[in-house]
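Engineer: Below are the structure tokens for one structure; questions will follow.
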Amino acid sequence: MSTPNYQKGAKAKAAIGTTTIKGLNSLTIPGVERNTIDVEEFDQDFDFTVPTSAKWTEGALAGNYVGNDSTGQTVLRQRLFDNEGLPNLRLYENESDFWAPDLANDDSSVIYVKGVAGTEVTKSGVIPFSATLLVQGLLARFDAHVSGATLAFTTTTITDSGSGFVTAGFSVGDTIIIEGSTSNDDVACIVTAVAAGTLTVTAKVGTLTAESALAGTRIHGGQIGVTE
């Protein structure tokens, strides 16, 4: 009998790109539910319900207000006022695995800030912060990660001289996010073939530039709805 793979939430966080939003101690990752239609018919005792299109449920962030968090909480408020989505908002389950818009499968995917709650201030309490989130498009769960100068890029491949792709869990169909590179951070790719040292990819947003990785380069792979 295998041991259940329970997840601890103490290392969770939310980030805009690679910048952590300060003050948070709770987050709700959006789920999925289907709309339904109730069907009625004469001379039938029981009606029945038909599932139709799917939608994402609301997400949420909560914690303590940090007034000088200019790259986190302030950005959330400003995007709410501007009615602009966040294509690079990440909701981390732990130190490394996160949910984010799947730009390779739908380049219009974003997470909107639907609302920021009013603030109750008390004499003996810490000022709270909370926001609700609304998904437009697709999300993916990114749970495969490789980093470092062992990586390199061509226009159709990502290579790893450390041959760590299979061990890290990359698979065909993964969306790839790249960060910390010289030229490829804005590129979103789909993996079409996996080997230990090579990912064959198709760029869906932008074009891959051939280059060697930097020490801080990191790639993440994930798919829609994968929750292993």
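Engineer: Scan T132, T119 and give me the residue that is open to solvent by 40 Å² or more (accessible area, probe 1.4 Å), touching a Gly at 6+ places or on another chain (Cβ under 7 Å) and more than 21 Å from G222 (Cα to Cα).
Structural biologist: Sole residue among the options that is open to solvent by 40 Å² or more (accessible area, probe 1.4 Å), touching a Gly at 6+ places or on another chain (Cβ under 7 Å) and more than 21 Å from G222 (Cα to Cα): T132.
Engineer: How many residues does region 4-28 contain that are surrounded by fewer than 16 Cβ atoms within 10 Å (Cβ to Cβ) and either assigned to a loop (DSSP other than H, G, I, E, B) or among the basic types (K, R) (or both)?
Structural biologist: Residues in region 4-28 being surrounded by fewer than 16 Cβ atoms within 10 Å (Cβ to Cβ) and either assigned to a loop (DSSP other than H, G, I, E, B) or among the basic types (K, R) (or both): 10 in total.
Engineer: Still on this structure: Among the residues of region 29-85, what is the count of those that are outside any loop (DSSP other than H, G, I, E, B) and closer than 17 Å to S130 by Cα?
Structural biologist: Qualifying residue count, region 29-85: 15.
Engineer: Sticking with this one: Any chance you could count how many residues in region 35-71 are of a type in the set (F, W, Y) and out of contact with any Gly (no Cβ under 9 Å at 6 or more places or on another chain)?
Structural biologist: So the answer is 3.
Engineer: Which one of these is in contact (Cβ under 8 Å) with a residue 24 or more places away in the chain, open to solvent by 50 Å² or more (accessible area, probe 1.4 Å) and over 21 Å from the mean Cα position of the chain (by Cα): T159, T202, T209?
Structural biologist: So the residue among T159, T202, T209 that is in contact (Cβ under 8 Å) with a residue 24 or more places away in the chain, open to solvent by 50 Å² or more (accessible area, probe 1.4 Å) and over 21 Å from the mean Cα position of the chain (by Cα) is T209.
Engineer: For region 145-156, what are the residues that are surrounded by 18 or more Cβ atoms within 10 Å (Cβ to Cβ), under 17 Å from A188 (Cβ atoms) and out of contact with any Phe, Trp or Tyr (no Cβ under 7 Å at 6 or more places or on another chain)?
Structural biologist: H145, L151, F153 - these are the residues of region 145-156 that are surrounded by 18 or more Cβ atoms within 10 Å (Cβ to Cβ), under 17 Å from A188 (Cβ atoms) and out of contact with any Phe, Trp or Tyr (no Cβ under 7 Å at 6 or more places or on another chain).
Engineer: Which ranges mark the strands (runs of 3 or more DSSP E) fully within region 89-130 that have 3 or more residues being free of Cβ contacts under 8 Å to residues at least 60 places away in the same chain?
Structural biologist: Fully inside region 89-130 and qualifying: 110-116.
Engineer: Further, regarding this structure: Taking only pairs six or more apart or across chains, which ones have beta-carbon atoms under 7 Å, a first residue in region 41-65 that is at positive phi, and a second residue that is of a type in the set (F, W, Y)?
Structural biologist: Qualifying pairs under 7 Å: G63/F129.
The values are calculated or read from the model by the stated rules, or taken from the named source; none is laboratory data. Just so it is clear, the structure is predicted and the values come from calculations on it, not from any experiment. Because the Cβ atoms are built from the backbone with ideal geometry, glycine has one as well, and the counts that use them run over all protein chains shown. The accessibility values were calculated without ligands, DNA or RNA, using every heavy atom of the protein model including side chains. Shrake-Rupley method; radii C 1.70, N 1.55, O 1.52, S 1.80 Å.
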